[in-house]
Every structure is written in structure tokens, then in C-alpha cells.
1. Hand me the tally of lysine pairs in region 34-147: alpha carbons under 17 angstrom apart, and the pair either on different chains or 8 or more positions apart.
2. Given Cβ point charges of +1 (Lys, Arg) and -1 (Asp, Glu) and nothing else, what value in debye, to the nearest 20, does the dipole of region 182-312 about its Cα centre take?
3. Counting other beta carbons within 10 Å of each residue's own, what order do Trp166, Trp45 fall into, fewest first?
4. May I ask which residue of Thr232, Thr247, Leu144 lies farthest towards the positive end of the charge dipole of region 114-247, with charges of +1 (Lys, Arg) and -1 (Asp, Glu) on Cβ and the Cα centre as origin?
5. Please say if region 56-182 is rounded, prolate or oblate, where rounded means a/c under 1.5 for a ≥ b ≥ c the square roots of the C-alpha gyration tensor eigenvalues, and otherwise the choice is prolate for a/b larger than b/c and oblate otherwise?
6. Considering Cα pairs under 8 angstrom that are at least six residues apart, work out the relative contact order of the chain and quote it in whole percent.
7. By count of other Cβ within 10 Å, fewest leading, how are Glu239, Glu263, Glu291, Glu282 ordered?
8. Do you know the relative contact order of region 1-128, to the nearest whole percent, from alpha carbon pairs under 8 angstrom that are 6+ apart?
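What follows draws every value from the coordinates through simple rules; no lab data is involved. This one's a predicted model, so the numbers in the text were calculated from it and none came from an experiment. Counting neighbours? That spans all protein chains shown, and the Cβs are built from the backbone with ideal geometry, glycine included.
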Amino acid sequence: MNQLITAIEKLKKEKHAVILGHYYQQGEIQDIADFVGDSLALAQWAAKTDADIIVMCGVLFMGETAKILCPDKKVLVPDLNAGCSLADSCPADAFGAFIAAHPGHTVISYVNTSAAVKAMTDVVVTSTNARQIVESFPKEAKLLFGPDRNLGNYINAVTGRNMVLWDGACHVHEQFSVEKIVKLKEQYPGAVVLAHPECKGAVLKLADVVGSTAALLKYSVKHPRKTYIVATESGILHEMRKQAPGTTFIPAPPNDSTCACNECGYMRLNTLDKLYKCLKDETPEVQVDREIAQKAVLPINRMLEISAKLGL
Ligand code: 13P
Ligand code: SF4
């Protein structure tokens with residue numbers, strides 16, 4: 001493994017490449033990445049890098065976002081099959097029909113969408129900035145939000161808005177078991193429950209803190225506790241344990257104990273070996289249709305501009 005890491009580091013320098021990694025990647029990929037972050041941070045990093053090659057260790061929509069922001073750079077994802085069940089729950093043609101059925105609505109899309117969905121969107125959001133971006137619209141604005149119904153319901157509840165919601169979800173975050181979290185709380189008295197807003201409402205009700213992966217990480221480091229129960233993809237525990245070594249972090253279990261649904265199978269398709277091969281061969285490369293990219297860049301840039309103004 002050490003040899004592989006040395007070879008990746010060497011190729012990276014030779015090719016003037018940057019490795020970006022999401023918190024849901026396996027630990028060894030997070031450790032070799034130049035930058036590890038949530039969806040917003042990865043887009044912000046991609047927008048400002050001067051590297052010739054961006055290796056996006058995450059899922060395809062993250063690679064597409066980087067490519068849309070940097071059309072002249074080579075963007076690689078170690079395994080192009082790294083899709084996203086949430087993005088897949090929102091096919092562009094059906095979403096287009098949904099928008100047409102709600103004339104006069106501003107379209108707000110979660111970043112977990114295809115480039116084609118972003119191309120029909122007014123502003124993109126991530127879980128880090130969704131609340132503030134929604135609140136930047138007047139109270140009476142007619143808003144349509146997709147594709148995550150859990151995040152949409154959560155934002156409606158905390159902002160008092162009544163956004164029309166697309167009925168999509170992430171198979172990982174939908175799977176957390178309320179009963180098992182309650183049992184863990186009994187087993188670890190005083191444990192604090194952290195949950196990502198893509199979780200079902202019943203899990204969010206049980207949570208002490210709701211936030212994006214970056215927000216949950218920040219909270220756990222800023223508020224040292226004996227035990228945290230973490231209801232989001234378990235990859236984040238790697239960075240939590242690094243930054244708060246004295247704390248016990250327990251991943252929240254999924255409903256079906258025979259399935260490791262608190263790991264995103266798509267994210268885990270990327271491996272160190274595939275990372276090495278993709279840097280060596282400069283493939284597989286992310287491609288986005290030029291016309292779609294020219295439309296999709298507008299709502300992504302709008303998100304980045306609002307986020308910069310908000311200091312996010
Ligand atoms: P964030 O990175 O915005 O927390 O989103 C989580 C997620 O599901 C990424 O696929
Ligand atoms: Fe998509 Fe869910 Fe995996 Fe994130 S964790 S990439 S939302 S399937």
C-alpha cells in the first residue's frame with residue numbers, strides 16, 4: 001500500500017493534478033487527498049484550483065460539477081459507475097414535466113442531481129447552504145425544490161416555507177433505524193445524536209443536531225462529548241475520529257442489519273488502486289454535454305456567489 005501511495009503522489013506532482021475527496025470516501029482515500037470536504041467545499045475547491053487535472057474522489061455528480069465549473073480541465077473520477085441513488089431518483093425529463101406543472105416557481109435543486117437537472121434549475125444548493133439560500137428568497141416566493149424530500153421537508157420546517165417538493169431520497173440516509181438509535185441512546189446515556197438532513201423525519205426528530213457532513217464534523221470537534229451517534233454515511237467518522245480523538249463516534253445502524261447501508265456503495269467504488277490507475281492513464285474522464293454545461297453553470301455559480309456572500 002505504501003508503494004501505491006508513493007506512486008500516486010509522484011504521478012500527482014508530474015501531472016500537476018489535484019486530488020479532491022468527499023468525507024464519504026474510505027479513509028485511505030481521504031488521507032491521500034489534497035483536500036477533503038463536503039459537496040459545497042469540493043465545488044468551491046474545484047472552482048479555484050489551478051491544477052491541470054482534477055481527480056474527484058466522490059460520485060459522478062461531484063465530478064460533473066467540477067467539469068461544469070472548469071470546462072477546460074481534465075476531470076477524472078476513479079470509477080465512473082459511482083452514481084447516486086438520490087440523483088437517480090430525479091430523471092431530467094420527469095423533473096422537467098414537474099417544473100412545467102408548477103409555472104411561476106423558482107427551481108431550487110440539491111447538488112445531488114445530474115447536469116441535465118441542474119440545467120433546468122435557477123439555483124443549486126447543498127446541505128450546507130440550503131437553508132440560507134431558501135431564506136434569501138422573499139417569504140411569499142413560490143419555490144420548487146428537488147430531489148430530496150427529506151431535506152426539502154426539513155428546510156420547509158425550519159424556514160416556515162411551503163416549497164413544492166420532488167419525491168426523491170437517498171437510499172443510505174433513508175435506511176437509518178429509529179428503534180436502533182433509541183436503543184443506542186439507552187446503551188450510551190448522554191450520547192448526542194448527529195443527523196444529516198437527508199435522513200427521514202423520524203430520525204431528524206430524534207437528533208440533537210441536524211446538519212451537513214461539514215456542519216456535523218465541526219459541531220463534534222467544537223463540542224467535545226463522551227459519545228456521538230452519527231446518522232450519516234459512516235465515512236465521516238474517519239475525519240471525526242482524527243479531529244476529536246478522545247470521543248467515541250458510533251455509526252447509526254440501518255434498518256436491515258444484514259446490509260451495510262450506512263456505507264454508500266457508490267462512494268465506495270473508488271479505491272486506492274483505481275485512483276492510481278486513473279491518474280496514470282488519465283481515464284475515466286468526466287464529460288458533460290457543452291450545451292447542458294453552459295446552462296448548468298449558471299445556477300452553480302449563483303450558489304457559489306451567495307455562499308461567498310454568506311461566508312460559507
Ligand atoms: P454533503 O456533502 O453536502 O453533506 O452531502 C452529503 C451527501 O449525500 C453527498 O452525497
Ligand atoms: Fe448519493 Fe446518498 Fe451516496 Fe450521497 S450517500 S452519493 S446522496 S446515494
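1. Values: Lys48/Lys67; Lys48/Lys73; Lys48/Lys74; Lys67/Lys118.
Pairs that pass both the separation and distance tests number 4.
2. On the way: 18 positive and 14 negative charges, 117 e Å.
In total the dipole reaches around 560 debye.
3. Values: Trp166 24, Trp45 20.
Neighbour counts put them in this order, fewest first: Trp45, Trp166.
4. Among Thr232, Thr247, Leu144, the one farthest towards the positive end of the dipole of region 114-247 is Thr247.
5. Working: a/c = 1.75, a/b = 1.19, b/c = 1.47.
Here region 56-182 falls in the oblate category.
6. Details: 619 pairs, mean separation 70.4, N = 312.
Computed value for the chain: 23 percent relative contact order.
7. On the way: Glu239 21, Glu263 17, Glu291 9, Glu282 14.
Ranked by crowding around the Cβ, least crowded first: Glu291, Glu282, Glu263, Glu239.
8. Values: 186 pairs, mean separation 23.5, N = 128.
Relative contact order here is 18 percent.
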